[in-house]
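Okay, structure first, notes after.
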Amino acid sequence: MPDPIVTAARELFDGSVDGLHDAVDGLSAEALNWRPAGEDTNPIGVLAVHVMGSTRSWLAVAFGAPLPDRDRPAEFRTVAGGEAELLVRVDRMAGDCRLLFDGADVFDPAAMRTSHSRSSSGEAEIVSGAWALLHAVEHLSEHVGHAQLTRQLWERREA
């Protein structure tokens, strides 16, 4: 029988990926790269690439899989070429995440795992599998909400 915590996390993950698709669907490259409050804010394209890279990384930590190659600073330099190109990137990373969920036959929430080096400290964090799994889905949900709000602001801006 699958672990109910992993099953619940997978359902939250799938719902968030659907929400990210909704935030991107039908938008032009201009909209996907629009910064709602200037250069200090992130456009939808950056949010999508960053959060999927982060989710894939934290799920690897949660399930004890090898950490994927990741260039976090490059995620924040993303310039989306358009809806189709961005959704291909999102779906590729979502597929990687689903493979991690599918490979989690036995989930040990108490297992202590090492993350990537953190940009804030340059040091890796040691966290439990449970913390990494919960962080993966809550961080994804948070940034999907940001993307949805950014889309609403784009649609209601004065042209």
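The values are calculated or read from the model by the stated rules, or taken from the named source; none is laboratory data. Remember, it's a predicted structure, so these values are computed and weren't measured experimentally. Cβ atoms come from the backbone with ideal geometry, glycine included; neighbour counts cover every protein chain shown. SASA here: full protein model, heavy atoms, side chains in, ligands and nucleic acids out. Shrake-Rupley method; radii C 1.70, N 1.55, O 1.52, S 1.80 Å.
For a modelled paramagnetic label at HIS21, 7 Å from Cα along Cα-to-Cβ, the residues of the range 90-104 in reach, with backbone nitrogen under 20 Å, are 90-102. Among SER54, SER117, SER16, the largest mean-square fluctuation in a Gaussian network model of the chain (Cα springs under 10 Å) belongs to SER117.
What's the ranking of 19-28, 103-112 by average number of surrounding C-beta atoms within 10 Å, highest first?
Numbers: 19-28: 16.8, 103-112: 13.6.
Ranked by mean Cβ neighbours within 10 Å, highest first: 19-28, 103-112.
Which of the DSSP-defined H helices in the chain satisfy a minimum axial length of 24 Å, computed from C-alpha atoms, and a minimum mean Kyte-Doolittle hydropathy of 0.0?
Values: long enough: 4-24 (30 Å, 0.35); 44-63 (28 Å, 1.37); 83-102 (27 Å, 0.15); 129-156 (41 Å, -0.31).
Length and hydropathy pass: 4-24, 44-63, 83-102.
Could you look at the chain and say what percent of its accessible area is carbon and sulfur, using a 1.4 Å probe and all protein chains? Please report the intermediate quantities before stating the final value.
Details: 4390 of 8340 Å².
Roughly 53 percent, rounded to a whole number.
Counting GluC sites (Glu not before Pro) as exposed when in a DSSP loop with at most 16 other beta carbons within 10 Å, what is the longest stretch of the chain free of them? Excluding the exposed sites themselves, the longest stretch runs over 40-122. Spin-label pair GLU39-THR7: with each label point 7 Å from Cα along the Cα-Cβ axis, the two points sit 5.1 nm from one another.
Rounded to whole Å and sorted largest first, what semi-axes of the equivalent ellipsoid does the C-alpha gyration tensor of the range 54-159 yield via the square root of 5 times each eigenvalue?
On the way: eigenvalues 161, 49, 39 Å².
Semi-axes from the Cα gyration tensor: 28, 16, 14 Å.
Please give the contour-minus-distance gain from ARG157 to ARG77: 0.36 nm per residue of separation, less the Cα-Cα distance, rounded to one decimal in nm.
Values: separation 80, 0.36 × 80 = 28.80 nm, distance 2.36 nm.
Working it through step by step, the gained length comes to 26.4 nm.
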